[in-house]
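> Next up is a structure, given as structure tokens.
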Amino acid sequence: MHAVAAVLGSFREAAHEDVGLEVVAARLERRLAREAKEIPDEELFATALLVEYDSGAQRVRLSNHGHVEPVLISGREVRVLDDPPVLPLGLGSLAESDGRAVWSHPLAPGDVLLLVTDGLVEARNHSGVFYPLLERLAHRFGGRPAPGPAEVVDFLNTDLPRHARSLHDDVAILAISPNAAG
């Protein structure tokens, strides 16, 4: 629990400064590496998805550190933003760090960016089948005008329990959409 507080504290500190996602990710990586040395725990790591929105450019920048991929509902289509992830925070020393870690995608008013935890996509039905997030979103929202964020969250809050009667992990859902006024 101490490691979680330390990483969140590092994030809050970096978020108040005018630095990019690359710098924030590097700070979080260093902080978790220090925590692992102090505990000591060679398997201490955390998945994270860092998101930054530029309203002027109508773009979102993402840095995925082993987290569930975000989903974009835009222009009557539903798709996963499956940029290559980097290793979870705390495991960065296991790979070469010269790979690209931040990706950019258009995100305009009317689009919805959906972020979920693995507890949602790993929820299983009585036959052991994982919740088919993309398929269910495409069935509900594909080919139609983009919904609002609340509609997406409401849909998942009712559809997931129909698929999995009980959950064995935490589930968090965040749907965001740019404001037309910027």
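> Quote the FRET efficiency, to the nearest 0.05, computed for Trp103 versus His126 with a Förster distance R0 of 35 Å and r equal to the Cβ-Cβ distance.
In this case the efficiency is close to 0.40.
> Please list the three semi-axes, largest first and in whole Å, of the ellipsoid equivalent to the range 7-95, using sqrt of 5 times the eigenvalues of its alpha carbon gyration tensor.
Gyration-tensor ellipsoid for the range 7-95: 27, 17, 9 Å.
> Kindly state, to the nearest 0.05, the FRET efficiency for Ala150 paired with Ala172, given R0 = 25 Å and r defined as their beta-carbon distance.
0.95
> DSSP loop trypsin sites (Lys or Arg not before Pro) in the range 75-182 with at most 13 other Cβ atoms within 10 Å of their Cβ, which ones?
For trypsin sites (Lys or Arg not before Pro) across the range 75-182 that sit outside H, G, I, E and B with at most 13 neighbouring Cβ atoms in 10 Å, the list reads Arg76, Arg100, Arg165.
> Just the accessible area per residue of the chain, please: how many Å² with a 1.4 Å probe?
Heavy-atom SASA per residue in the chain reads 58 Å².
> Another question about this same structure. As a test of the definition: which semi-axes, in Å, follow for the range 117-182 when you take the square root of five times each eigenvalue of its alpha carbon gyration tensor? Largest first, please.
Largest first, the range 117-182 gives 25, 14, 9 Å.
> How big is the C-alpha Rg of the range 24-71 next to the rule-of-thumb value 2.2 N^0.38 Å, as a ratio?
The range 24-71 yields a ratio of 1.46.
> So, one more: Counting C-alpha atoms alone, how compact is the range 73-182: give Rg to one decimal and Dmax as a whole number, in angstrom.
16.1, 46
> Another one. With an 8 Å cut-off on Cα pairs and a minimum separation of 6 or more residues, tell me the relative contact order of the chain in percent.
The value is 21 percent.
> Amide H neighbours of Gly66 under 5 Å, at least 5 residues apart or on other chains, H built in the peptide plane: list them.
Ala48, Val86
> Can you check what the net charge comes to around Tyr53, using other residues whose Cβ is under 10 Å from the Cβ of Tyr53 (Lys, Arg +1; Asp, Glu -1)?
Here the count lands on 0.
> Whenever you get a sec, compute what percent of the accessible area on the range 10-66 sits on carbon and sulfur atoms (1.4 Å probe).
48 percent
> Take Ala5 and Ala138, extend 7 Å from each Cα along the Cα→Cβ direction, and tell me the distance between the two endpoints in nm.
Placing both labels 7 Å along Cα→Cβ, they lie 4.5 nm apart.
The values are calculated or read from the model by the stated rules, or taken from the named source; none is laboratory data. Quick caveat: nothing in here was measured; it's all calculated off a predicted structure. No Cβ is skipped: glycine too gets one built from the backbone with ideal geometry, and neighbour counts run over all protein chains shown. For accessibility, only protein heavy atoms count, side chains too; no ligands or nucleic acids. Shrake-Rupley method; radii C 1.70, N 1.55, O 1.52, S 1.80 Å.
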